[in-house]
Amino acid sequence: MSRIGKRTIAVPKGVTITLDGQTVTVKGPKGERSWTVAEEIEVKFENDEINLVARNDSQRASAMWGLSRTLVDNMVVGVTEGFTRKLELVGVGYRAALKGNDLSLQLGFSHEVDIKAPEGVTFAVPKQTEINISGADKQVVGELAANIRKLRPPEPYKGKGVRYSGEKVRRKEGKKK
């Protein structure tokens, strides 16, 4: 039995929920998100709370129950507060800059790497070595941050590369003479 699926989702003021069959649509100040819940899950919306209930006791229904609850909760949080991932650039000459809404990175290659902002995602560069990625969709923000990190992941000897803010890079000892 899913312990996550049992919890109700509180809907804050200023957010509207629309149920159309199995499709849940959430509108808020930061945008609109919708998702179709699996057939094994029943969605109920009453008293400014969303409650998801499994229709049967199958393995798939149990798995989809917790997943569906988490995804709907992420939609509610995304349209109210939004999600942010922070990246740090570590290395000599590694820097980031904004070109309009797009991100331009210098990561030690012979060329700049330009990244277009997907719809609903914004970049911010408070310092040349810091990048903030913000948006209403948790998956898109996280995937974009992972793809940027993948361009130059932190290496274990000097620690140079793109890393998540607060990420600990396990360092190796160099060779001995």
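Summary of computed values
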quantity: Residue list for region 135-151, restricted to those being farther than 20 Å from D73 by Cβ and either in contact (Cβ under 8 Å) with a residue 24 or more places away in the chain or polar (S, T, N, Q) (or both); calculated: L144, A145, N147, I148, R149, L151
quantity: Residue within region 51-64 that is buried (at least 18 other Cβ atoms within 10 Å of the Cβ), at pLDDT 90 or above and within 26 Å of I131 (Cα to Cα) present; calculated: no
quantity: Unique match (being touching a strand residue (DSSP E or B) at 6+ places or on another chain (Cβ under 8 Å), at pLDDT 90 or above and closer than 30 Å to K158 by Cβ) among G93, G28, G82, G78; calculated: G93
quantity: Every pair of residues 6+ apart whose Cβ atoms lie under 7 Å, when the first sits in region 155-167 and is of a type in the set (S, T, Y) while the second is assigned to a loop (DSSP other than H, G, I, E, B); calculated: Y157/K172; Y157/G174
quantity: Answer from G14, G66 - the residue that is of a type outside the set (D, E, K, R) and assigned to a loop (DSSP other than H, G, I, E, B); calculated: G14
quantity: Selection from region 19-44 of residues that are surrounded by fewer than 18 Cβ atoms within 10 Å (Cβ to Cβ) and small (G, A, S); calculated: G21, G31, S34, A38
quantity: Condition check for L87: modelled with pLDDT of 90 or more, part of a strand (DSSP E or B), aliphatic (A, V, I, L, M) and touching a helix residue (DSSP H, G or I) at 6+ places or on another chain (Cβ under 7 Å); calculated: yes
quantity: Qualifying positions in region 11-27 - more than 19 Å from R60 (Cα to Cα) and without any contact (Cβ under 8 Å) to a residue 60 or more places away in the chain; calculated: K13, T16, I17, T18, L19, D20, G21, V24, T25, V26, K27
quantity: Odd one out for F109, checked against (1) surrounded by fewer than 16 Cβ atoms within 10 Å (Cβ to Cβ); (2) closer than 22 Å to S134 by Cα; calculated: (2)
quantity: Candidate set: region 30-60, residues that are among the hydroxyl-bearing types (S, T, Y) and in a strand (DSSP E or B); chosen: the one farthest from the chain's Cα centre (by Cα); calculated: T36
quantity: Residue match in region 146-158 (condition: under 21 Å from the mean Cα position of the chain (by Cα), charged (D, E, K, R) and outside any helix (DSSP H, G or I)); calculated: yes
quantity: Residue that is surrounded by the fewest Cβ atoms within 10 Å (Cβ to Cβ), among those in region 69-84 that are assigned to a helix (DSSP H, G or I) and among the charged types (D, E, K, R); calculated: D73
quantity: Scope region 119-134; condition under 22 Å from V77 (Cα atoms) and either acidic (D, E) or touching a Leu at 6+ places or on another chain (Cβ under 7 Å) (or both); matching residues; calculated: E119, V121, F123, I131, I133
quantity: Residue within region 112-121 that is surrounded by fewer than 18 Cβ atoms within 10 Å (Cβ to Cβ), in contact (Cβ under 8 Å) with a residue 40 or more places away in the chain and within 14 Å of the chain's Cα centre (by Cα) present; calculated: yes
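The values are calculated or read from the model by the stated rules, or taken from the named source; none is laboratory data. Just so you know, these numbers come straight off a predicted model, no measurement behind them. We place every Cβ from the backbone using ideal geometry, glycine too, and count neighbours over all the protein chains shown.
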